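Working notes, structure below.
Computed from the coordinates by the stated procedures, all read-outs in this text should not be read as laboratory data. All of these numbers come straight from a predicted model, not from anything done at the bench. Heads up, the Cβs are rebuilt from the backbone with ideal geometry, glycines too, and the neighbour counts pull from every protein chain shown.
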Protein chains: 2
Amino acid sequence: MDSSPNLDAVFAALANPTRRAILARLVAGEASVNTLAAPFEMSLPAISKHIRVLETAGLITRGRDAQFRPCALNPDALRQVANWTDQYRHIWDVRFDAMDRILKSTKDTENG
Amino acid sequence: MDSSPNLDAVFAALANPTRRAILARLVAGEASVNTLAAPFEMSLPAISKHIRVLETAGLITRGRDAQFRPCALNPDALRQVANWTDQYRHIWDVRFDAMDRILKSTKDTENG
DNA sequence: TGCTTAATTAACATGTTGTTTTATTAATGA
DNA sequence: TCATTAATAAAACAACATGTTAATTAAGCA
């Protein structure tokens, strides 16, 4: 059933405030390792490791620009979290059914 | 900024397939530790610890019924995950803005 | 070439997680 | 009271996570 090995890595990556802060920063756009490290008191290797964890989980992708290795958000992994969460939405969200119907009809419109 | 200690525990709890499967089972309703343990090959103490992790993270609550300690989902923690996720929704979901407007208007209707 | 900047690797200390087996607590019911 | 069932606690241990400092790779530039 629920044995998707990827979700393990994604949730584990999200279970750290430094890594969530890095993701939050990347919403504003690509950034180098040093740029991402700046707000933290932590050493650069520590941030480098956090970035590796995010990359392995698929939450970010990395590019190349001279010595720089710019990081960018990967929407796919975030969407995976959202999809997992949506499974539970009806438990608390009384508006879920209505929203679900609306989204479905939007999709129908797109496909029609 | 993003220093909510609770999200750490919630995401850490979700980073394990056994614990996610337990949550999935609890959608069907309350269950005792033994009932929850049945589908797994793991020892009972191991499941007991997983349940403790879920409880500490606030993802489940526990009751008392004779020797039984029934577990139930706690929507609040799941909603917390959804709220975090929703921060990123606009990154991939082109329908996010429309949905957001719809939900806001629904809320207005409720409050009016 | 040699210097500087960006980033990773290596080696290490320390703490946490996931699991086991064995022992214990606590409630039920004959 | 004694046996049974439900669940937790305790002790042990391997594996992994998180951070450090020091060393290394790699690109850019004088």
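Details
- Over all other residues within a Cβ to Cβ distance under 11 Å of B:Leu36, the charged ones net out to +2, with Lys and Arg as +1 and Asp and Glu as -1.
- Nearest-first distances (nm) between copies at B:Gly58, label 7 Å from Cα via Cβ: 2.9
- Exercise: per-residue mean of other protein chain Cβ atoms within 10 Å, A:81-91: 6
- Full-extension gain in nm, B:Asp8 to B:Arg62, via 0.36 nm per residue minus C-alpha separation: 17.3 nm
- Label 7 Å beyond Cα on the Cβ vector: A:Pro17 copy-to-copy distances, nm: 3.2
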